[in-house]
Amino acid sequence: MSIADWAGGDGPREKLLDRGAQALSDAELLAILLRTGCRGCSAMQLARELLGHFNGLGGVLRANASQLMEKRGVGAAKYAHLCAALEVARRQALEPLASGDVLSSPQQTRRFLQHHLGVRQREVFSCLFLDSQHRLIRCDDLFQGTLDGAAVYPREVVSRALQYSSAAVIFAHNHPSGVAEPSAADKRITQRLQAALGLLDIRVLDHIIIGRGHEYSFAEAGLL
C-alpha cells in the first residue's frame, strides 16, 4: 500500500500538511520518503521494520546500499530517495557557511558537520578551508578509513590548504561508534597538523569530532 492509498486524513502525508513535519514520528517521516510498501506490507509497516532492524532512524540513514536493499521491499528507487533526502539536508546546512563567517555561526557549522559526517559508517577526516575572513572556501573529505580510524597525512592537508590559498582551517572527523571523545591519536595528529600549518601562517581554528547527535570541540576544550 502506498502513502497515496491512505484514507483521507489518516496518512502521514495528510498529518504533515495539517500539523507540520515536526508532528510526525520517525516511522511516519520514513514512510513518506519510502512512498510505497511491498506486497502485504504498507509503507508504514515497512518503515517500522527498517527502524527496528537498523536500531532507529540514524541506523537506517547510516546503512549502505547493500544493507538496505537486502531488506524486503527496499530497492534502488527507495534507496535513491533516502540518499537524495540526506543530500538535500547536507546542502541546506552548508549554505549559511558558504555565505558567512563560520565563527559567527558555530552552531551552523556543527549542524552542517552532523549532516555531512554523522551518518557515515566509516571514519572520515574532513577539512573546512577558510579565507582570511573565515568564510568557507571549500569542504573536502581528505581521508577515509575503517570503522576504527583513518590515516591522516599532514603533507596532503598542507598541499590542499595551499591550493585553495586558505588562511585558516577547521578539521572534523566522525566516530562511527557514536562517542565523540578524542583519542590519544586524535590529539597527536591535531598537534602535528597545527605545527605543519603554523609554519605557513595558516591557523587551525578547531578540530570537531562528530558523535551520534553530539560533538566535541578541541577549541572549546582548550586543546588548541
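Structure summary
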{"quantity": "At 1.567 mPa s and 4 °C, Stokes diffusion of region 137-190 via Kirkwood alpha-carbon radius, µm² per second", "calculated": "103"}
{"quantity": "Debye intensity ratio I(q)/I(0), log10, region 72-159, q values 0.17, 0.18 Å⁻¹ (C-alpha model)", "calculated": "-0.84, -0.91"}
{"quantity": "Ratio Rg/Rh, restricted to the chain and using Cα atoms, in which Rh is the Kirkwood radius", "calculated": "1.05"}
{"quantity": "Relative exposure of ARG203, ARG35, judged by other C-beta atoms within 10 Å (fewest first)", "calculated": "ARG35, ARG203"}
{"quantity": "Overall form of region 178-221 per C-alpha gyration tensor (a/c, 1.5; a/b vs b/c)", "calculated": "prolate"}
{"quantity": "Stokes-Einstein D in µm²/s, Kirkwood radius over Cα pairs - region 142-224 at 25 °C with 0.890 mPa s viscosity", "calculated": "186"}
{"quantity": "Residues VAL157, VAL102, VAL179 arranged by fewest to most Cβ contacts within 10 Å", "calculated": "VAL179, VAL102, VAL157"}
{"quantity": "Of the DSSP H helices in the chain, those whose Cα atoms cover at least 30 Å axially and whose Kyte score averages 0.0 or more", "calculated": "76-99"}
{"quantity": "Shape of region 1-124, Cα gyration tensor, a/c cut at 1.5", "calculated": "oblate"}
{"quantity": "Packing-based exposure ordering (other Cβ within 10 Å, fewest first) of GLU220, GLU70", "calculated": "GLU70, GLU220"}
{"quantity": "For ARG138, residues with placed amide H under 5 Å, excluding near neighbours", "calculated": "PHE129"}
{"quantity": "Counting DSSP beta bridges with both ends in the chain, the antiparallel % (nearest 5)", "calculated": "75"}
{"quantity": "DSSP beta bridge pairing in region 95-217, given as percent antiparallel to the nearest 5", "calculated": "70"}
{"quantity": "Relative contact order %, the chain, counting alpha carbon pairs below 8 Å whose residues are six or more apart", "calculated": "13"}
{"quantity": "Percent of alpha-carbon pairs separated by more than 18 Å within region 24-85", "calculated": "19"}
{"quantity": "Pair ARG72, ARG35: separation of 7 Å Cα→Cβ label points (nm)", "calculated": "2.3"}
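Values in this text are rule-based calculations from the coordinates and carry no lab data. Please read all numbers here as calculations on a predicted model, not as lab measurements. Neighbour counts are summed over all protein chains in view; Cβ atoms, including those assigned to glycine, are modelled from backbone coordinates with ideal geometry.
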